[in-house]
Amino acid sequence: MFYEVTAEDIIRVPPNMIRKDKKETIYNILRSSYIGIVRKDLGIIVTIKDVDEIGEGKIVPEDGGIYYNVKFRAIVYRPELNSLVYGVVNNIADFGAFVNIGPLDGLAHISQIMDDQVTVSGREALIGKTTKKVLKLKDVVKARIVSISYKDITTIKVALTMKQPGLGKLEWLEEKKK
């Protein structure tokens, strides 16, 4: 899910940027420093929405920069256990399919794609042995998040399932309706 959050940090404005517009400079520093960062308490920072407060600047001896206490708003993506997501298959591997679900990719393990034995056709498709269903690159799928793991500051690992009723490739779901 996407959320708007408020955060605070101390931002260093380097000497070559001191004469520029303070709010715009801090906004740009926040964007270059925070976008794409993973924080377990927030999720993935997708963008900086606005700078709300800039405190009084502080100068540190032997450092030409100025340090500001800054309060800002950001848009974050926080995957939530058991939530339904739509995504696009962007990579096929021997062990499953990687599905882009916004700012990150989730893995649907080969055992979680369909109720059928699945064979891998190179790096291009996963094929059901009995059903002959094909999952290939760029297919749109509906999946459920079944596991979330925060590995480090830059990585969230998300496991997906498409085996449950009402989940899978959208074309498969449309065929079931008919």
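Condition first: touching a helix residue (DSSP H, G or I) at 6+ places or on another chain (Cβ under 8 Å), touching a residue at least 24 places away in the same chain (Cβ under 8 Å) and not assigned by TED's automatic domain parsing to the domain that holds GLY43. Can you find one or more residues in region 118-129 that meet it? Scanning region 118-129 turns up at least one residue that is touching a helix residue (DSSP H, G or I) at 6+ places or on another chain (Cβ under 8 Å), touching a residue at least 24 places away in the same chain (Cβ under 8 Å) and not assigned by TED's automatic domain parsing to the domain that holds GLY43.
Sort through ALA125, ALA143 and tell me the only one that's at pLDDT 95 or above, in contact with a strand residue (DSSP E or B) (Cβ under 7 Å, 6 or more places away or on another chain) and small (Gly, Ala, Ser).
On the way: ALA125 fails: at pLDDT 95 or above.
Answer to the check: ALA143.
Of the set (1) basic (Lys, Arg); (2) assigned to a loop (DSSP other than H, G, I, E, B); (3) touching a Gly at 6+ places or on another chain (Cβ under 6 Å), all apply to ARG19 but (3). For region 125-141, filtering for residues that are surrounded by fewer than 17 Cβ atoms within 10 Å (Cβ to Cβ), closer than 18 Å to GLU171 by Cβ and of a type outside the set (A, V, I, L, M) leaves 5. Just to check your reading of the model, which residue among GLY106, GLY87 is in contact with a Pro (Cβ under 9 Å, 6 or more places away or on another chain) and either in a strand (DSSP E or B) or in the same structural domain as LYS22 (by TED's automatic domain parsing) (or both)? GLY106 is the lone residue from the list that is in contact with a Pro (Cβ under 9 Å, 6 or more places away or on another chain) and either in a strand (DSSP E or B) or in the same structural domain as LYS22 (by TED's automatic domain parsing) (or both).
So which strands (runs of 3 or more DSSP E) are wholly in region 116-178 and hold at least 3 residues that are within 17 Å of LEU104 (Cβ to Cβ)?
140-152, 155-161
Here the condition is being of a type in the set (A, V, I, L, M, F, W, C) and more than 30 Å from TYR34 (Cα to Cα); of ILE127, ILE156, ILE148, it holds for ILE127 alone.
Those residues that are touching a Leu at 6+ places or on another chain (Cβ under 7 Å) and in contact (Cβ under 8 Å) with a residue 12 or more places away in the chain, I need them from region 91-109; list them, please.
Hits for region 91-109 are ILE92, GLY96, ALA97, VAL99, GLY106, LEU107, ALA108.
Per the conditions (1) closer than 29 Å to LYS49 by Cβ; (2) at pLDDT 95 or above, the sole criterion not satisfied by ILE148 is (2). If you take the residues of region 46-96 that are touching a helix residue (DSSP H, G or I) at 6+ places or on another chain (Cβ under 9 Å), modelled with pLDDT of 95 or more and of a type in the set (A, V, I, L, M, F, W, C), which of them is nearest to TYR150 (Cα to Cα)? Filtering first and then ranking leaves ALA74. Checked against the criteria, THR154 does not count as at pLDDT below 95, β-branched (Val, Ile, Thr) and surrounded by 12 or more Cβ atoms within 10 Å (Cβ to Cβ). For region 26-45, give me the residue count where each residue is among the aliphatic types (A, V, I, L, M) and either surrounded by 18 or more Cβ atoms within 10 Å (Cβ to Cβ) or in contact with a helix residue (DSSP H, G or I) (Cβ under 9 Å, 6 or more places away or on another chain) (or both). Going through region 26-45 one residue at a time, the tally reaches 6.
What do you reckon, is PHE98 in a strand (DSSP E or B), in the same structural domain as GLY168 (by TED's automatic domain parsing) and among the aromatic types (Phe, Trp, Tyr)? Yes, satisfied.
The values are calculated or read from the model by the stated rules, or taken from the named source; none is laboratory data. These figures come from a predicted structure and were not determined experimentally. Note that each Cβ is placed from the backbone with ideal geometry, even for glycine, and that neighbours are counted across all protein chains shown.
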